[in-house]
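Please treat every number below as a calculation from the coordinates, not as lab data. Everything numeric here is computed off the predicted structure, so don't read it as measured data. For neighbour counting, all protein chains shown are included, and Cβ atoms are generated from backbone atoms with ideal geometry for every residue, glycine included.
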Amino acid sequence: MSLSSARLYPTWKMCLFAASSAIFKLNEIVLVLDNAPCHTNAEDVFDEEQFEGAEVLKLGPYSPMINPIENVFSVYKSVVKRFLARQRPEILRVPEGVTITEHRSKFLKLAADPLFAEIVTPELCNRTFCHSLSHHQRALRFEDMQVGS
């Protein structure tokens with residue numbers, strides 16, 4: 001088990017337990033994971049007797065069309081990149097006594113929180129979720145899909 005997975009292991013157990021004890025029976029739970037490094041050994045939780053019946057489904061290597069958060073991040077990153085492009089002349093003027101990394105980090109911090117709050121809205125999340133639903137049936141039928149469609 002990787003170090004990051006080991007740190008998340010109790011969280012996976014807690015989430016599954018909460019889901020199973022709140023509304024769903026374990027045989028009604030399917031945990032869908034992408035291929036983020038922290039998910040590498042997440043399915044180890046399913047080997048424990050208390051989680052017998054729950055199922056884990058790992059997405060293909062890169063499946064943004066059925067993973068709404070990928071599309072949300074894509075929109076967010078493009079807005080941050082446009083902000084940074086507009087700030088380019090100032091970004092390139094590194095003040096004396098400040099490292100390049102510190103100076104550039106300042107601009108990322110200037111962009112990150114305000115732009116996130118402005119861009120990542122319930123409407124965007126709903127739109128990307130609905131877009132992903134259009135691909136779920138194709139995925140369940142194991143049909144090929146274009147990345148980014």
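Overview of results
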quantity	calculated
Loop-located GluC sites (Glu not before Pro) in the stretch 78-149 whose Cβ has at most 10 other Cβ within 10 Å (DSSP)	96, 143
Rg and Dmax [Cα atoms of the stretch 24-149; Å; Rg one decimal, Dmax integer]	20.0, 61
Cleavage-rule hits (trypsin sites (Lys or Arg not before Pro)) in the stretch 118-149: DSSP loop, at most 11 neighbouring Cβ within 10 angstrom	141
Chymotrypsin sites (Phe, Trp or Tyr not before Pro) within the stretch 101-146: DSSP coil, no more than 15 neighbouring Cβ in 10 Å	142
Taking 91, 66 and counting other C-beta atoms within 10 Å, the order from fewest to most	91, 66
Karplus 3J(HN,Hα) series, Hz, for the stretch 106-118 with 6.51 cos²θ - 1.76 cosθ + 1.60 (x for Gly, Pro)	4, 6, 5, 5, 4, 8, 4, 5, x, 5, 4, 5, 7
Dipole in debye (nearest 20) - the stretch 100-149, about Cα centre, beta carbon charges: Lys, Arg +1; Asp, Glu -1	60
Calculated from backbone phi, Karplus (6.51, -1.76, 1.60) coupling profile of the stretch 72-82 in Hz, x at Gly/Pro	4, 4, 4, 4, 4, 4, 5, 5, 4, 4, 5
Amide H within-cut-off set for residue 33, under 5 Å, with H built and near neighbours excluded	57, 58, 59
